[in-house]
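Enquirer: Let me begin by handing over the structure; questions about it come next.
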Amino acid sequence: MTDTVHLSPPDIGPLEESYLIAALRSGWAAPAGPDLEAFEQAIARRVGTDGAVAVNSGTAALHLALLGVGVGPDDVVIVPTLTFVATANAVRYIGARPVFVDCDPRTGNVDVDLVDELIRRLRSRGERVGAIVPVDMFGSCADYRALTPVCVEAGVPLVEDAAEALGASHDGRPAGSFGRVGVLSFNGNKIMTTSGGGMLVSDDTTLLARARHLATQAREPARHYEHHETGYNYRLSNLLAALGRAQLLRLDGMIARRRHLRDSYAKLFAPVPGVRLLNAEDTESNCWLTVITVEPDRCGWRADDLAVHLAERDIETRPVWKPMHLQPVHRGAEGLLTGAAERLFTDGVALPSGSALTEPQTARVFTAIDEFLGLRVRG
Ligand SMILES: *Cc1c(COP(=O)(O)O)cnc(C)c1O
């Protein structure tokens, strides 16, 4: 038995250990504490926003962000169909309806012309569009140069789902800073982790204060427990914030490692007709996951064939997100669709991309792919 090569395992070492132990010994094994505040400030500095609120998941951050921009139960919210289910679920938590929009096939990010058209269509029917939630796909920012003016002109608040994109940028501006509010995730498979956690980042300090209030059971400042509305238990623990502080110190190194891996994949697949690396030309990506797309007509094999070959060698891959309009849980939701997301789901595959992968592990991956390509080309 060889050990399994995972897609994007946590990258945890002695620095994280020392931060976590220090937090334990400080006596702040409580849901609040000095590491929490320091972590929020460090992330806000990194993203370039005036503030940040740490919560216990990216999903919780999305929920509070949507509430923060004023989404209500009668609203529709524009969500990419190509995303992780959390983006759409957060809309449902409020009782609002997600309306799905397809992606640009070249990037996997939302197709801005479709967004523009969808806003018009929904408005002409008298719908209130509460927000649009672009996702920075696999660590590459959406096309904010085009999208921001569309949202500004339509007066629709932009909530940036940057769960996959911490450390990336677009035109030199950090991911997370593009909307009224941005959302980050520190889930175990993300570019950096607190084992589970998330963050809201924004220049709108009123919005952030309200999110903080709602995240702590909407407890009023009184000596007894006083509550005027329904809040949530969404705060990140101080211990996990300590883990996050250590991870953030290593973020640039972890991004460099992922970029190096992506460059190696690019070299490996360069001579193969019909295979393309998604967003290979985006030099500002954080390279969270390297995804290839495969045109079977041109190369004679399917993305699935490679996935099976690698799985037989204990190497984990993952299809691109299954589009939301194909998910039973969101069946019946409206969408403006072109088939682009469905094609990426069929033809795309994410390859092992984690910064914690060792040299012997990545060598095993490259050898296995070489072997696969050799078999396919020479028969
Ligand atoms: C991971 C992810 C989330 C949710 O983050 P959690 O921390 O797992 O709740 C939301 N949106 C996208 C696009 C993600 O990839």
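The values are calculated or read from the model by the stated rules, or taken from the named source; none is laboratory data. Given the structure is predicted, the values throughout are model-derived calculations rather than measurements. Here the Cβ is made from the backbone with ideal geometry for all residues, glycine too, and neighbour counts use every protein chain on show.
Enquirer: Looking only at residues that are away from the ligand (no atom under 15 Å from the Cβ), in contact (Cβ under 8 Å) with a residue 60 or more places away in the chain and surrounded by fewer than 24 Cβ atoms within 10 Å (Cβ to Cβ) in region 48-75, which one is nearest to residue 167 (Cα to Cα)?
Expert: 48
Enquirer: In this structure, does residue 266 turn out to be over 21 Å from the mean Cα position of the chain (by Cα) and closer than 23 Å to residue 142 by Cα?
Expert: yes
Enquirer: Tell me, which residue of region 76-86 that is among the β-branched types (Val, Ile, Thr) and out of contact with any Phe, Trp or Tyr (no Cβ under 9 Å at 6 or more places or on another chain) is nearest to the ligand (Cβ to nearest atom)?
Expert: Among residues in region 76-86 that are among the β-branched types (Val, Ile, Thr) and out of contact with any Phe, Trp or Tyr (no Cβ under 9 Å at 6 or more places or on another chain), the one nearest to the ligand (Cβ to nearest atom) is 77.
Enquirer: Pull up region 79-104, narrow it to residues that are outside any helix (DSSP H, G or I) and among the charged types (D, E, K, R), then point me to the one that is farthest from residue 335 (Cα to Cα).
Expert: Looking at residues that are outside any helix (DSSP H, G or I) and among the charged types (D, E, K, R), I get 104.
Enquirer: So for region 213-222 (the condition being modelled with pLDDT of 95 or more and in contact with a Pro (Cβ under 9 Å, 6 or more places away or on another chain)), does at least one residue qualify?
Expert: Yes, region 213-222 contains a residue that is modelled with pLDDT of 95 or more and in contact with a Pro (Cβ under 9 Å, 6 or more places away or on another chain).
Enquirer: While we're here: Any residue at all in region 277-287 that's of a type in the set (Ser, Thr, Tyr) and farther than 27 Å from residue 14 by Cβ?
Expert: Yes, there is a match, as at least one residue in region 277-287 is of a type in the set (Ser, Thr, Tyr) and farther than 27 Å from residue 14 by Cβ.
Enquirer: If you scan region 177-193, which residues turn out to be within 12 Å of the ligand (Cβ to nearest atom) and of a type in the set (D, E, K, R)?
Expert: 190
Enquirer: Please go through (1) out of contact with any helix residue (DSSP H, G or I) (no Cβ under 9 Å at 6 or more places or on another chain); (2) under 25 Å from residue 250 (Cα atoms); (3) not acidic (Asp, Glu) for residue 95 and return the number of the only condition it doesn't satisfy.
Expert: (2)
Enquirer: One residue is enough: does region 114-137 have a residue meeting the conditions in a loop (DSSP other than H, G, I, E, B), touching a His at 6+ places or on another chain (Cβ under 9 Å) and in the same structural domain as residue 190 (by TED's automatic domain parsing)?
Expert: Yes, region 114-137 contains at least one residue that is in a loop (DSSP other than H, G, I, E, B), touching a His at 6+ places or on another chain (Cβ under 9 Å) and in the same structural domain as residue 190 (by TED's automatic domain parsing).
Enquirer: Sticking with this one: Cβ contacts < 7 Å: first residue of a type in the set (S, T, N, Q), restricted to region 1-28; second residue surrounded by fewer than 17 Cβ atoms within 10 Å (Cβ to Cβ), any location; separation 6+ or different chain. Result?
Expert: Taking only residues 6 or more apart or on different chains, the pairs are 2/314; 4/314.
Enquirer: Suppose we filter 137, 192 for residues that are farther than 19 Å from residue 75 by Cα, out of contact with any helix residue (DSSP H, G or I) (no Cβ under 8 Å at 6 or more places or on another chain) and buried (at least 18 other Cβ atoms within 10 Å of the Cβ); which single one remains?
Expert: Every option except 137 fails the conditions.
Enquirer: Can you run down the residue pairs with Cβ atoms below 6 Å, 6 or more apart or on separate chains, where the first is in region 124-135 and within 16 Å of the ligand (Cβ to nearest atom) and the partner is assigned to a strand (DSSP E or B) and β-branched (Val, Ile, Thr)?
Expert: Within 6 Å, the pairs are 131/77; 131/159; 132/78; 133/79; 133/159; 134/110.
Enquirer: Here is a follow-up. Output the number of residues of region 347-361 satisfying the condition of being among the hydroxyl-bearing types (Ser, Thr, Tyr) and either part of a strand (DSSP E or B) or buried (at least 17 other Cβ atoms within 10 Å of the Cβ) (or both).
Expert: 2
Enquirer: Next up: Which residue pairs have Cβ atoms under 9 Å apart, sit 6 or more places apart or on different chains, and have a first residue in region 185-197 that is under 14 Å from residue 241 (Cα atoms) and a second that is of a type in the set (D, E, K, R) and within 8 Å of the ligand (Cβ to nearest atom)?
Expert: If the second residue must be of a type in the set (D, E, K, R) and within 8 Å of the ligand (Cβ to nearest atom), the pairs left are 185/161; 185/164.
Enquirer: Which residues, taken from region 1-19, are outside any loop (DSSP other than H, G, I, E, B) and buried (at least 19 other Cβ atoms within 10 Å of the Cβ)?
Expert: Passing the criteria: 5, 16, 19.
Enquirer: Of (1) closer than 19 Å to residue 89 by Cβ; (2) out of contact with any His (no Cβ under 9 Å at 6 or more places or on another chain); (3) within 16 Å of the ligand (Cβ to nearest atom), residue 341 satisfies all except one. Which?
Expert: Answer for residue 341: the failing condition is (2).
Enquirer: Can I ask one more? So, in region 289-330, of the ones that are of a type in the set (Asp, Glu) and not in a loop (DSSP other than H, G, I, E, B), which residue ends up nearest to the chain's Cα centre (by Cα)?
Expert: Here the residue is 304.
Enquirer: Further question: Residues to consider are 168, 218, 209; find the one that is on the phi > 0 side of the Ramachandran plot and assigned by TED's automatic domain parsing to the domain that holds residue 37.
Expert: Of the residues listed, the single one that is on the phi > 0 side of the Ramachandran plot and assigned by TED's automatic domain parsing to the domain that holds residue 37 is 218.
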